[in-house]
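Participant: Before I ask anything, here is the structure I am working with.
Derivation of every value follows stated rules applied to the coordinates shown; laboratory data play no part. Computed from a predicted structure; not experimentally measured. So basically every Cβ, Gly included, is an ideal-geometry build from the backbone, and we count neighbours across all protein chains shown.
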Amino acid sequence: MPPSEALQMAKEQEFDLVEIAPLAKPPVCKIMDFGKYQYQQSKVEKNNKSKQKRIEMKSIRIGVRTDDHDLEFKKNQAEKFLQKEFKVKVEIILRGREKAYQDLARKNLLDFLKSITSPYKIEQEIKRFPGGFNAIVAPE
């Protein structure tokens with residue numbers, strides 16, 4: 001059917017002429033209420049978005065001079081987060097003169113990661129950032 005005739009039919013029915021498949025030979029069009037269609041599409045997208053599984057990230061900060069008991073407590077926190085399916089960002093913060101001992105900080109962070117007993121995979125390797133080092137671990 002010619003486009004002008006289709007437009008005439010759509011206006012008579014008080015609907016819109018919407019092109020469905022522009023690459024088809026000939027192009028496919030449909031007579032429908034485009035505003036209603038957009039509304040239904042937004043409802044479907046909103047519903048799909050609410051059903052998506054969101055992975056939250058928890059953060060644990062340690063320092064170069066953090067004591068053994070505090071490290072144990074933070075290790076337990078990290079294990080609890082991993083068991084609850086959270087990703088965990090472990091940061092070691094360097095202050096002042098501690099920035100001169102980056103190799104020690106990297107070693108401390110690696111030791112902390114090795115002490116975690118819950119099964120995990122390293123999602124982001126130990127990486128330098130302006131305040132120190134961080135790594136991201138995720139549950140397996």
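Participant: Would you please name the residue that is surrounded by the fewest Cβ atoms within 10 Å (Cβ to Cβ), looking only at residues in segment 1-53 that are assigned to a helix (DSSP H, G or I) and of a type in the set (A, V, I, L, M)?
Facilitator: Residue satisfying both the conditions and the ranking: 44.
Participant: Of the residues that make up segment 110-117, is at least one in a strand (DSSP E or B) and farther than 16 Å from residue 64 by Cα?
Facilitator: Initial filter on segment 110-117 (in a strand (DSSP E or B)): none.
Looking through segment 110-117, none of the residues is in a strand (DSSP E or B) and farther than 16 Å from residue 64 by Cα.
Participant: Let me ask another. Take the residues in segment 54-89 that are within 17 Å of the chain's Cα centre (by Cα) and of a type in the set (A, V, I, L, M), then tell me which one is surrounded by the most Cβ atoms within 10 Å (Cβ to Cβ).
Facilitator: Only one residue tops the list, namely 88.
Participant: Still on this structure, please answer the following. Among residues belonging to segment 66-123 that are without any contact (Cβ under 8 Å) to a residue 24 or more places away in the chain and among the hydrophobic types (A, V, I, L, M, F, W, C), point out the one that is nearest to residue 136 (Cα to Cα).
Facilitator: Out of the qualifying residues, it is 122.
Participant: Take segment 90-105 and flag every residue that is more than 13 Å from residue 65 (Cα to Cα) and either touching a strand residue (DSSP E or B) at 6+ places or on another chain (Cβ under 6 Å) or among the hydrophobic types (A, V, I, L, M, F, W, C) (or both).
Facilitator: Passing the criteria: 90, 91, 100.
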